[in-house]
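The values are calculated or read from the model by the stated rules, or taken from the named source; none is laboratory data. Note that the structure is predicted; figures quoted are calculated from it, not measured. Because the Cβ atoms are built from the backbone with ideal geometry, glycine has one as well, and the counts that use them run over all protein chains shown. Heavy atoms of the whole protein, side chains included, go into the accessibility calculation; ligands, DNA and RNA do not. Shrake-Rupley method; radii C 1.70, N 1.55, O 1.52, S 1.80 Å.
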Amino acid sequence: AKCQCKVVPRERTNCGYPGISAAECKRIGCCFNASVPSVPWCYNPKPKKVKKVCPNDPYTRINCGYPGIKPRECTRKGCCFRAHPAGVPWCFYHRVVEE
């Protein structure tokens, strides 16, 4: 993603080798910007920002508890709790999504 390559020149960490081409740099998953001399031109992107969400679709839930688990026990395990609908896990794992 473009925004992951917005790294201030002095904070860039080298990701290639001297003389690497822009195409080769991008092929290995790095960012390339040759506009600033004496800093790495091929550098590591910023880590993706992610957040945990409780999936909305009850039929995609992945069980995180056991039948009859209490809401507090479920959230203590770091999972989502929704006591509806019937026939699907009420205590289930978060999904991680990119922001």
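Note on segment 29-44: residues that are more than 24 Å from V97 (Cα to Cα) and buried (at least 17 other Cβ atoms within 10 Å of the Cβ) amount to 6.
Taking the numbered list (1) modelled with pLDDT under 90; (2) touching a helix residue (DSSP H, G or I) at 6+ places or on another chain (Cβ under 7 Å) in turn, V97 passes all entries but (2).
For segment 65-84, which residues satisfy the criterion of being over 19 Å from the mean Cα position of the chain (by Cα) and either of a type in the set (F, W, Y) or under 14 Å from V96 (Cβ atoms) (or both)? Residues satisfying the conditions are Y66, F81. Scanning segment 63-99 for residues that are exposed (fewer than 14 other Cβ atoms within 10 Å of the Cβ) and in contact with a His (Cβ under 8 Å, 6 or more places away or on another chain) yields one hit, G78.
Cβ-Cβ contacts under 7 Å between residues 6 or more apart (or on different chains), taken from a first residue in segment 1-28 that is closer than 23 Å to E98 by Cα and assigned to a helix (DSSP H, G or I) to a second residue that is hydrophobic (A, V, I, L, M, F, W, C) and open to solvent by 50 Å² or more (accessible area, probe 1.4 Å), are listed as K26/F32.
Hey, does segment 50-61 have a residue that's free of Cβ contacts under 8 Å to residues at least 40 places away in the same chain and of a type in the set (D, E, K, R)? Yes, segment 50-61 contains a residue that is free of Cβ contacts under 8 Å to residues at least 40 places away in the same chain and of a type in the set (D, E, K, R).
Any residue that is polar (S, T, N, Q) and either at pLDDT 95 or above or surrounded by 17 or more Cβ atoms within 10 Å (Cβ to Cβ) (or both) - is there at least one of those in segment 45-62? Let's see the steps before the verdict.
Step one: filter segment 45-62 for residues polar (S, T, N, Q), giving 56, 60.
From what is left, the residues that are either at pLDDT 95 or above or surrounded by 17 or more Cβ atoms within 10 Å (Cβ to Cβ) (or both) are none.
For segment 45-62, residues polar (S, T, N, Q) and either at pLDDT 95 or above or surrounded by 17 or more Cβ atoms within 10 Å (Cβ to Cβ) (or both): absent.
Note on segment 72-94: residues that are in contact with a helix residue (DSSP H, G or I) (Cβ under 8 Å, 6 or more places away or on another chain) and assigned to a strand (DSSP E or B) amount to 3.
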